[in-house]
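S.K.: Take a look at the following structure, please.
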Amino acid sequence: MEENTAKKMVVELIGGVGTGKSRVLDILKEDYQAVVIQADEVAKHLEEKGQAGLIKLTEAFGTGILDSEGNLDRAAFAEKIFQNPEALEQVNVIIHPLVWNWIYKKVREIQKGLVIVETAVPDKNPGDIYDEVWYLYTLRETRIRRLMENRGYSREKCLQMMANQLSEEEYRSLSDRELDNNGSPEDMRSQLKSVLGQRFTKG
C-alpha cells in the first residue's frame, strides 16, 4: 500500500519531564509514519567528544566536566547544573542555538510526511518552520509517579527538575493545541485521529 504522505506537516511537541512524550511519539511513528526529531538526542550528539557543543561547554566550565577519556561526564555535570540555575541557563545559552540550527537543517531536508520535533524546552525563535505546536498535558502527580517508577528518581529530584522547566501556563501560552495524556494509549490515539484524520496513515 502507498502511504498518504503527499503533504509535509511539521509539529513541535512540547511538555515537561514525565509527561509521557515517548509514548505519544511511539504512536505517531506507528500510526502516522512520523519522522521524529528529539531535541535532547540532538543535544547529546552535539555534546559528544569533538562536537561543537562539548568544545563550547569545556571553554565555559573547564575540563573538570570531562571524564578521563575526554568525554562529558553526564551524570556529574547534570547534578551540577540542576542545582545551579545560573549554570543551567549558561548551558542553555550555549547548547540551544546549536541544537535548533541542527534541527532546522534536518527539517528542511525532509520533503514530505509528518515531522515531529519533540522538546521540553520550546524553540524561542521558530520563525515559520512549524505548522503547529502541540502541548502535552499530564497531571503533576502522575508525572512524579512515572519519574519515580521509571527512572528511580526521588520525589525531591522530580520536583527540582520540574521547577527548572516551564509552568503549565507557560507551555500552554506557546501552543496551538493541547493533548491530554492522562488516559490510555487508545485515548491518545483518539485525540490524534481527531487532529490528523487519515493524513499520513497507510492506505
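The values are calculated or read from the model by the stated rules, or taken from the named source; none is laboratory data. In this text the structure is predicted, and so the values were computed from the model without any measurement. Because the Cβ atoms are built from the backbone with ideal geometry, glycine has one as well, and the counts that use them run over all protein chains shown.
S.K.: Which of (1) at pLDDT 95 or above; (2) touching a strand residue (DSSP E or B) at 6+ places or on another chain (Cβ under 6 Å) is the odd one out, the single condition PHE200 does not satisfy?
M.R.: The single condition PHE200 does not satisfy is (1).
S.K.: Read through the list (1) surrounded by fewer than 13 Cβ atoms within 10 Å (Cβ to Cβ); (2) of a type in the set (Lys, Arg); (3) within 16 Å of the chain's Cα centre (by Cα), then give the number of the only condition that ARG151 fails.
M.R.: The one condition ARG151 does not meet is (3).
S.K.: Further question: Any idea which residue in the stretch 37-63 is modelled with the lowest pLDDT, counting only those that are of a type in the set (Val, Ile, Thr) and surrounded by fewer than 18 Cβ atoms within 10 Å (Cβ to Cβ)?
M.R.: THR63
S.K.: Looking at the stretch 93-145, which of the residues that are acidic (Asp, Glu) and within 20 Å of GLY16 (Cα to Cα) is modelled with the lowest pLDDT? First the steps, then the outcome.
M.R.: The initial filter retains those residues of the stretch 93-145 that are acidic (Asp, Glu), namely 109, 118, 123, 128, 131-132, 141.
Filter once more, keeping what is within 20 Å of GLY16 (Cα to Cα): 118, 123, 132, 141.
Working: GLU118: 97, ASP123: 88, GLU132: 96, GLU141: 96.
Across the stretch 93-145, the extreme among qualifying residues is ASP123.
S.K.: Go through the stretch 102-137 and give me each residue that's of a type in the set (S, T, N, Q) and under 15 Å from the mean Cα position of the chain (by Cα).
M.R.: THR119
S.K.: List every residue pair whose Cβ atoms lie under 7 Å apart, where the two residues are 6 or more positions apart in sequence or sit on different chains, the first residue falls within the stretch 69-92 and is within 12 Å of LEU54 (Cβ to Cβ), and the second residue, located anywhere, is of a type in the set (Val, Ile, Thr).
M.R.: If the second residue must be of a type in the set (Val, Ile, Thr), the pairs left are LEU72/ILE65; ASP73/ILE65; PHE77/ILE65; VAL91/ILE81.
S.K.: So which residues in the stretch 66-86 are assigned to a helix (DSSP H, G or I), hydrophobic (A, V, I, L, M, F, W, C) and more than 20 Å from the chain's Cα centre (by Cα), if there are any at all?
M.R.: Taking the stretch 66-86 and keeping what is assigned to a helix (DSSP H, G or I), we get 74-82, 85-86.
This time we only want the ones that are hydrophobic (A, V, I, L, M, F, W, C), so: 75-78, 81-82.
Across the stretch 66-86, the qualifying residue is only ALA76.
S.K.: What do you reckon, is VAL107 in contact (Cβ under 8 Å) with a residue 60 or more places away in the chain, β-branched (Val, Ile, Thr), out of contact with any helix residue (DSSP H, G or I) (no Cβ under 7 Å at 6 or more places or on another chain) and within 30 Å of THR201 (Cβ to Cβ)?
M.R.: yes
S.K.: Hey, does the stretch 99-119 have a residue that's out of contact with any strand residue (DSSP E or B) (no Cβ under 8 Å at 6 or more places or on another chain) and either over 30 Å from ARG199 (Cα atoms) or not in a helix (DSSP H, G or I) (or both)?
M.R.: Residues of the stretch 99-119 that are out of contact with any strand residue (DSSP E or B) (no Cβ under 8 Å at 6 or more places or on another chain), as a first pass: 99-102, 104-105, 108-109.
The next check asks that each one be either over 30 Å from ARG199 (Cα atoms) or not in a helix (DSSP H, G or I) (or both); those that pass are none.
No, that holds for no residue.
S.K.: A further question on this structure: Would you kindly identify the helices (runs of 4 or more DSSP H) lying entirely within the stretch 15-65 that contain at least 1 residues that are closer than 25 Å to ARG199 by Cβ? So that I can check it myself, show each step before the final result.
M.R.: Numbers: elements: 21-32, 39-46, 52-61.
In the stretch 15-65, the matching helices (runs of 4 or more DSSP H) lie at 21-32, 39-46.
S.K.: Here is a further query. Among the candidates LYS8, LYS29, LYS44, LYS21, single out the residue that is over 26 Å from GLU149 (Cβ atoms) and either touching a Gly at 6+ places or on another chain (Cβ under 8 Å) or among the basic types (Lys, Arg) (or both). Give the derivation first.
M.R.: Numbers: LYS29 fails: over 26 Å from GLU149 (Cβ atoms); LYS44 fails: over 26 Å from GLU149 (Cβ atoms); LYS21 fails: over 26 Å from GLU149 (Cβ atoms).
Within the list LYS8, LYS29, LYS44, LYS21, the selection yields LYS8.
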